[in-house]
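The values are calculated or read from the model by the stated rules, or taken from the named source; none is laboratory data. Everything numeric here is computed off the predicted structure, so don't read it as measured data. FYI the Cβ positions are ideal-geometry reconstructions off the backbone, even for glycines, and counts take in every protein chain you see.
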Amino acid sequence: MKSLTILGSTGSIGRNTLAVADHLPALFRIAALAAGSNIRLLAEQAAAYRPSLVSTGNEAAAREFLRLHRGSETRVVWGPEGAAEAAALEETDIVVSAISGLGGLRATLAAARSGKRLALANKESMVVAGRLLREEAGRSGAEIVPVDSEHSGVFQCLAGIRREDVKKIILTASGGPFFQTPAGELEGKSVAEALAHPRWSMGPKVTIDSATMMNKGLELIEARWLFDARPDELGILIHPQSVVHSLVEMKDGAVLAQLSPTDMRFPIQYALTYPRREPPPLPSLNLAEIGRLEFFPPDPEKFPLIDQARRALEEPSSFSIALNAGNEEAVAAFLEGRIRFTDIPRVVMGILDSHRGREAEDLEDILRLDSDARRAAAKLIP
């Protein structure tokens, strides 16, 4: 039996991870949970799974947790340091990193330093600190297994494949809610319209990233570090059915594809059980019912942030940090109604245009560069 720490246990990935653990109760137990502000749900999870450690977003949330979870022997910590302590917990075998945004970076690095299996769902950690994460994992022997459906698909396609035989790695995208919308009509799109994803149920920030297709841009950068890929080896195709999660083109012309139902429990389970495969949590694909699989190139006029991500790929690592920070600030401003949908790429491009790139040295340097980029974003957001 493997012990799990779930960073971001009250979010979509965290809840689905607990559902996988429920599906395979003989294989997994919950050692630690970490969450931010949804303390009522965290208390319910702690009562159900009885972890030895729980981390909350801050001290006030920790006090609220203790009020709701009286009489428990669960130890409570808080803040980024608390999440890092949960990630490095000695009894933990697998850490699921699913804290949204840069807030999950310190804990993700702690898991890598501790030699755990890191089931990585926090793409921002790999985007801003890919080199650092790879170095820490190399020193400790930690195993990084991606949870994002696209990177999980690539990971599965590459199993047993010589890296030198790979010509191209292609990530697929649903196209989000505006795939059929002309570029000229995007300016007036509301928050509600941008959050109406046709395929996936995700948090607000990730859903807006899907609407702008910045999620694919970030995933290109993540794939560069996960699979040691050059920028010219990485591609994107829009696939509205969201059944083919990725493709790998071989140098002999063969194309390998990974297909599974549109449900995050499939890649989560594989990240937890790898290299074994266990019975699925849901029925398998029925291709006859699906009927057709379509693929389209993304429109650069409609989705300019993909090109900005490619720009960051070619530059020193501080560009990826600036790209991520600017996007987070712009998305937050859009969700709060302070800017229009089409202002999100304007803010990100403005930050990159003024950015002077360099290589980030360590975690503290990454956090400084992130703060600088957020201050630059504030000047571009009303």
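Could you check the stretch 108-133 and list, in sequence order, the residues that are more than 14 Å from the chain's Cα centre (by Cα) and within 21 Å of Glu90 (Cα to Cα)? Reasoning before the result, please.
Pass one, the stretch 108-133, residues more than 14 Å from the chain's Cα centre (by Cα): 109-117, 131-133.
Leu109, Ala110, Ala111, Ala112, Arg113, Ser114, Gly115, Lys116, Arg117, Leu133 - these are the residues of the stretch 108-133 that are more than 14 Å from the chain's Cα centre (by Cα) and within 21 Å of Glu90 (Cα to Cα).
Can you pull out the helices (runs of 4 or more DSSP H) entirely within the stretch 213-300 that have at least 1 residues that are surrounded by 17 or more Cβ atoms within 10 Å (Cβ to Cβ)?
Because the criterion is at least 1 residues that are surrounded by 17 or more Cβ atoms within 10 Å (Cβ to Cβ), the helices (runs of 4 or more DSSP H) in the stretch 213-300 that meet it are 214-226, 265-273.
Consider Val77 carefully, then state whether it is surrounded by 16 or more Cβ atoms within 10 Å (Cβ to Cβ), without any contact (Cβ under 8 Å) to a residue 60 or more places away in the chain and in the same structural domain as Gly141 (by TED's automatic domain parsing).
Yes: the conditions hold for Val77.
Condition check: more than 23 Å from the chain's Cα centre (by Cα) and among the β-branched types (Val, Ile, Thr). Does Thr74 satisfy that? If you could, list the steps in order and put the result at the bottom.
Details: more than 23 Å from the chain's Cα centre (by Cα): yes; among the β-branched types (Val, Ile, Thr): yes.
Taking the combined requirement at face value, the residue satisfies it.
Go through Glu361, Glu329 for me and flag whichever is part of a loop (DSSP other than H, G, I, E, B), among the acidic types (Asp, Glu) and either at pLDDT below 95 or under 23 Å from the mean Cα position of the chain (by Cα) (or both).
Glu361
Can you find, within the stretch 89-112, the residue that is farthest from Ala159 (Cα to Cα) among those that are of a type in the set (Asp, Glu) and touching a residue at least 60 places away in the same chain (Cβ under 8 Å)? Even if it seems obvious, please write down each step before you answer.
Step one: filter the stretch 89-112 for residues of a type in the set (Asp, Glu), giving 90-91, 93.
Now drop any that are not touching a residue at least 60 places away in the same chain (Cβ under 8 Å), which leaves 91, 93.
Numbers: Glu91: 29, Asp93: 22 Å.
Ranking the candidates gives Glu91 first.
Which residue out of Ala378, Ala309, Ala322 is buried (at least 18 other Cβ atoms within 10 Å of the Cβ) and farther than 30 Å from Thr17 by Cα?
None of the others qualify; the one that does is Ala322.
Failed condition for Phe303, given (1) assigned to a helix (DSSP H, G or I); (2) more than 24 Å from Leu158 (Cα to Cα), with all others met?
Looking at each condition in turn, Phe303 falls short on (1).
Could you list, in sequence order, the residues of the stretch 158-179 that are part of a loop (DSSP other than H, G, I, E, B) and either farther than 27 Å from Asp228 by Cβ or within 18 Å of the chain's Cα centre (by Cα) (or both)?
Ser174, Gly175, Phe179
Is there a residue being more than 23 Å from Ile236 (Cβ to Cβ), out of contact with any Phe, Trp or Tyr (no Cβ under 7 Å at 6 or more places or on another chain) and touching a residue at least 12 places away in the same chain (Cβ under 8 Å) anywhere in the stretch 289-298?
Checked against the condition, which is being more than 23 Å from Ile236 (Cβ to Cβ), out of contact with any Phe, Trp or Tyr (no Cβ under 7 Å at 6 or more places or on another chain) and touching a residue at least 12 places away in the same chain (Cβ under 8 Å), the stretch 289-298 yields no hits at all.
Can you spot a residue in the stretch 113-129 that is free of Cβ contacts under 8 Å to residues at least 40 places away in the same chain, aliphatic (A, V, I, L, M) and part of a loop (DSSP other than H, G, I, E, B)?
Checked against the condition, which is being free of Cβ contacts under 8 Å to residues at least 40 places away in the same chain, aliphatic (A, V, I, L, M) and part of a loop (DSSP other than H, G, I, E, B), the stretch 113-129 yields no hits at all.
State whether one or more residues within the stretch 185-208 are in contact (Cβ under 8 Å) with a residue 60 or more places away in the chain, surrounded by 19 or more Cβ atoms within 10 Å (Cβ to Cβ), in contact with a Leu (Cβ under 8 Å, 6 or more places away or on another chain) and more than 19 Å from Asp148 (Cα to Cα).
No - not one qualifying residue is present in the stretch 185-208.
If you take the residues in the stretch 47-65 that are farther than 12 Å from Ala86 by Cβ and within 24 Å of the chain's Cα centre (by Cα), which one is surrounded by the fewest Cβ atoms within 10 Å (Cβ to Cβ)?
Asn58
Looking at this structure, is Lys216 charged (D, E, K, R), over 19 Å from Ala159 (Cα atoms) and at pLDDT 95 or above?
yes
Could you run through the stretch 332-352 and say how many residues are more than 22 Å from the chain's Cα centre (by Cα), not aliphatic (A, V, I, L, M) and not in a loop (DSSP other than H, G, I, E, B)?
Number of matching residues: 3.
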